[in-house]
Structures are given as C-alpha cells and as structure tokens.
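To start, the structure under review is shown below, and the notes come after it.
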Amino acid sequence: MGEQVVTPYSVSARNGGVDYARIVSDFGCKLIDPQLIQRLEKLTNKPAHPFLRRGIFFAHRDLESILDAYEQGHKFFLYTGRGPSSESLHLGHLVQFMFTKYLQDAFDVPLVIQLSDDEKFIWKDISQEECQRLGRNNAKDIISCGFRLERTFIFSNLDYVSGALFDNVLTISSFLSINAMSAVFGLNAETDVLGKLLYPAVQIAPAFSTSFNDVFGEGIKMRCLIPCAIDQDPYFRLSRDLAPRLKLYKPALIESRFLPSIQAGDDSGKMSASSPNSAIFVTDTLEEIKQKLAGAAVESVLAYFTFFEENDAVLEEMKADFSSGKRSLEDLKNDLSKALWEVLENLQQLKAEVDDKILSEFMRPRLIR
C-alpha cells in the first residue's frame with residue numbers, strides 16, 4: 001500500500017487513490033449504512049440527498065444521537081466553514097455547502113458558518129486585509145447556495161472572535177497540550193509558529209452552542225452536527241474528547257469523500273484551490289470548464305457525474321453507455337461541461353444578487369434559533 005496522508009493541511013494518496021476504508025479505521029469513525037439513511041428520511045419526511053444515497057457523505061460520528069434528540073423534539077444546530085484562500089469557491093467546496101443546505105432545509109435548524117480568515121493569515125503568505133476580502137467574496141458564493149437568512153449566521157474569525165466565543169477558545173486551549181497538537185496535526189516545534197498551535201481551538205470552539213450567546217441566546221446548550229470533508233475530522237475528535245470536561249454535548253459529524261482533482265496522475269487526492277488547473281471555480285466560464293476538462297482523467301469525469309448528476313437513471317445510463325462504447329470519453333466531457341456550467345451559471349446569477357447589504361445581514365450577529 002502506498003503512503004497516504006490525510007490531515008486538515010495535507011492530503012496525499014498514491015497507488016489507487018484515497019483509501020477511505022483505511023481512513024475510517026485510522027480515525028475511528030463509522031460508515032453510514034442504509035438503515036441510518038432510511039431513518040433520516042423517515043424523520044425528515046424527505047428523500048435522502050444524492051450525496052447520501054451514493055456514499056459521497058459516507059462516514060459519521062454520533063449521527064444517531066442527533067437523530068435521537070431530533071425525534072424527541074430537541075433542536076440542534078449545524079456548523080461548517082470555509083478557509084478563504086482564493087477569489088471563489090470551487091466544486092469541491094460546493095459539495096459541502098450544497099449538502100449543508102439540504103440538512104438545513106430537511107431539519108429546519110439554525111446554521112453557523114465560520115470564515116477562518118485567521119487560519120489563512122497564519123498558514124498562507126496573505127495579509128489579514130486580503131484574507132478578509134477573500135472571505136467576503138467566498139461568503140457571497142456560499143449565500144448563493146440558497147441558505148436562509150433567518151436561520152444562518154456567517155462570521156469572520158478576524159471580526160467576530162471575542163466575548164463568549166473567545167472565552168471558549170481560551171478554555172479549550174487551556175486543555176490542549178503542545179504534544180497533543182503536534183501528534184494530531186503533525187506540527188513541528190522547530191519550524192511552526194505559535195498561531196498554528198492556537199488555531200485548532202478557534203475551529204473547535206464554534207462546535208459548542210455556548211460560543212454564540214448573541215445567536216442562540218445566553219448559555220443555551222444545543223447539540224451540534226458538523227458536515228465536513230473527512231480531512232477535518234482531527235479537529236472534532238479533539239472537540240469530542242474535550243466536551244465532557246466542558247460539560248457540553250459532544251459534536252456529531254457527517255463526513256464526505258473528496259471531489260478528485262481534474263488532472264490525471266494528481267496524487268493530492270482532491271480538488272484544491274491552491275492548484276487552479278486542478279479545480280473548477282464558481283467564477284469559471286463554459287469555455288474555461290471545457291479547457292480544464294480536456295485533460296481530465298476518466299476516473300475524475302465519472303466521479304464528477306456521480307457528484308453532480310442528480311437523476312439516478314441518467315447517471316446509470318451514462319455509465320452503461322460509456323462501458324459499452326456507445327459514448328466516448330470526449331462525449332462524456334462535453335456532457336459534463338454542459339452539466340457543470342448549468343450549476344455554475346445558476347450560482348453566478350444568484351451571486352450577482354448578493355450585494356454588500358445582504359452580505360452584512362448574514363454576518364450580523366442576531367438570534368437565528
């Protein structure tokens with residue numbers, strides 16, 4: 001088996017791509033089985049999202065406890081985020097937010113979205129001002145996914161980390177040893193700056209409702225469900241370990257596979273904003289999509305159809321036609337270009353309607369429960 005590295009800061013996989021069974025084993029999370037999906041459908045009275053049916057969101061931690069609480073009439077909140085390092089989201093980021101939108105609608109629950117602009121300032125060679133600007137641009141992409149203003153709060157760490165949230169950051173950081181940070185995140189005491197040690201506490205704290213007195217109410221304790229890619233799991237393993245010491249609920253997670261890179265032979269295992277040729281961005285034109293897909297690997301083309309073709313019958317027909325030789329790889333690339341452009345053109349039109357006033361409303365602290 002080739003070397004595989006999956007952390008919040010680095011994903012690499014060789015000799016056959018990411019081994020998700022190995023990740024589940026190494027991380028200690030659980031696979032989502034058909035029975036759990038059926039239970040979710042029954043409780044929400046809505047069909048499961050294609051990302052669930054097709055195993056794209058494939059693993060979880062304590063999803064059963066969230067469903068138990070919901071069945072008993074207890075609300076929970078959703079928490080997810082974006083680290084802004086590019087002008088816009090790419091398709092891999094959209095997967096997370098499209099699924100989060102489904103969860104918000106299916107359960108009718110509040111959502112907090114963290115823009116980790118402080119993280120990008122620490123890890124990337126980007127000024128604080130530029131990180132904040134990118135964050136606001138990315139937030140407009142996120143809003144374009146259709147999130148409900150009355151149920152959604154988007155916050156920038158550089159703007160918002162204070163008060164109750166910072167109290168929790170400090171409390172959490174007092175429990176995290178340098179050795180633990182180094183072990184979980186692969187940090188190097190010789191070369192990594194102090195901010196890299198502190199940042200995990202900033203990402204962990206929003207998983208606890210008591211961080212948001214001005215959003216949920218003073219001292220309100222609610223369960224949290226975190227939709228995220230599997231590489232973010234290390235943060236929330238720590239949060240779950242710390243929850244009993246904080247006398248708070250352990251956050252639950254529902255975790256996805258990576259949308260692969262476009263490029264054949266790319267060993268990163270996923271689409272990356274730091275590699276523009278590996279990614280299709282929300283701002284791309286139809287011609288740019290076609291150009292990027294021209295050199296796409298077969299596996300990537302089939303994967304993108306699995307992610308973004310909502311109709312199961314169309315997806316199966318496409319795969320069968322390709323296997324039988326009825327449709328060529330070039331045919332698939334042309335069809336995929338049109339399908340992806342349909343998604344992105346709609347988002348671009350919706351984003352054009354998101355002005356600074358609307359953005360400010362989403363980022364204004366107010367009760368969303």
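The values are calculated or read from the model by the stated rules, or taken from the named source; none is laboratory data. It should be emphasised that the depicted structure is a prediction, and the values quoted were computed from it without experimental measurement. Heads up, the Cβs are rebuilt from the backbone with ideal geometry, glycines too, and the neighbour counts pull from every protein chain shown. The protein model used for the area step is the full one, side chains on, heavy atoms only, and it has no ligands, DNA or RNA in it. Shrake-Rupley method; radii C 1.70, N 1.55, O 1.52, S 1.80 Å.
Points to keep in mind about this one:
- V314 part of a helix (DSSP H, G or I), more than 23 Å from the chain's Cα centre (by Cα) and not hydroxyl-bearing (S, T, Y): yes
- Scanning the stretch 269-314 for residues that are open to solvent by 50 Å² or more (accessible area, probe 1.4 Å), closer than 20 Å to F97 by Cα, at pLDDT 85 or above and among the charged types (D, E, K, R) gives a single hit, E310.
- The set of residues in the stretch 80-92 that are open to solvent by 10 Å² or more (accessible area, probe 1.4 Å) and touching an Asp or Glu at 6+ places or on another chain (Cβ under 8 Å) contains only G83.
- Selection status of F27, over 30 Å from K140 (Cβ atoms), touching a strand residue (DSSP E or B) at 6+ places or on another chain (Cβ under 9 Å) and either open to solvent by less than 40 Å² (accessible area, probe 1.4 Å) or touching a residue at least 60 places away in the same chain (Cβ under 8 Å) (or both): yes
- Consider the stretch 251-268 and keep the residues that are modelled with pLDDT under 95 and in contact with a Leu (Cβ under 8 Å, 6 or more places away or on another chain). The one that is farthest from A48 (Cα to Cα) is I262.
Residue-wise test of (1) surrounded by 14 or more Cβ atoms within 10 Å (Cβ to Cβ); (2) modelled with pLDDT of 95 or more; (3) within 14 Å of F258 (Cα to Cα).
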position: G17; (1), (2), (3): yes, no, yes
position: I32; (1), (2), (3): yes, yes, no
position: P50; (1), (2), (3): yes, yes, no
position: G55; (1), (2), (3): yes, yes, yes
position: F58; (1), (2), (3): yes, yes, yes
position: L63; (1), (2), (3): yes, yes, no
position: L78; (1), (2), (3): yes, yes, no
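- For the stretch 238-254, taking the residues that are in contact with a helix residue (DSSP H, G or I) (Cβ under 8 Å, 6 or more places away or on another chain) and of a type in the set (K, R), the one that is most open to solvent (accessible area, probe 1.4 Å) is identified as R245.
- Meets criteria (in contact with a helix residue (DSSP H, G or I) (Cβ under 9 Å, 6 or more places away or on another chain), of a type in the set (V, I, T) and surrounded by 22 or more Cβ atoms within 10 Å (Cβ to Cβ)) for I142: yes
- Scanning the stretch 331-347 for residues that are open to solvent by less than 60 Å² (accessible area, probe 1.4 Å) and within 14 Å of K140 (Cα to Cα) yields L344, L347.
- Considering the stretch 150-166, and only residues there that are of a type in the set (S, T, N, Q) and not in a helix (DSSP H, G or I), the residue that is most open to solvent (accessible area, probe 1.4 Å) turns out to be S162.
- Within the stretch 105-147, the residues that satisfy the criterion of being modelled with pLDDT of 95 or more and β-branched (V, I, T) are V109, V112, I113, I142, I143.
- Within the stretch 312-325, residues that are under 15 Å from G55 (Cβ atoms) have Cβ atoms under 8 Å from residues that are open to solvent by 70 Å² or more (accessible area, probe 1.4 Å) in these pairs: D312/R53, counting only partners at least 6 apart in sequence or on another chain.
- In the stretch 216-237, the residues that are open to solvent by 30 Å² or more (accessible area, probe 1.4 Å) and either in contact with a Gly (Cβ under 7 Å, 6 or more places away or on another chain) or charged (D, E, K, R) (or both): E218, K221, R223, R237
- Neighbours by Cβ (under 9 Å, 6+ apart or cross-chain): first from the stretch 60-83, more than 15 Å from T152 (Cβ to Cβ); second polar (S, T, N, Q) and surrounded by fewer than 20 Cβ atoms within 10 Å (Cβ to Cβ): Y70/T44
- Residue in the stretch 167-215 that is most open to solvent (accessible area, probe 1.4 Å), counting only those that are part of a loop (DSSP other than H, G, I, E, B) and touching a residue at least 60 places away in the same chain (Cβ under 8 Å): V193
- Tallying residues that are assigned to a helix (DSSP H, G or I) and surrounded by fewer than 17 Cβ atoms within 10 Å (Cβ to Cβ) within the stretch 348-358 yields 5.
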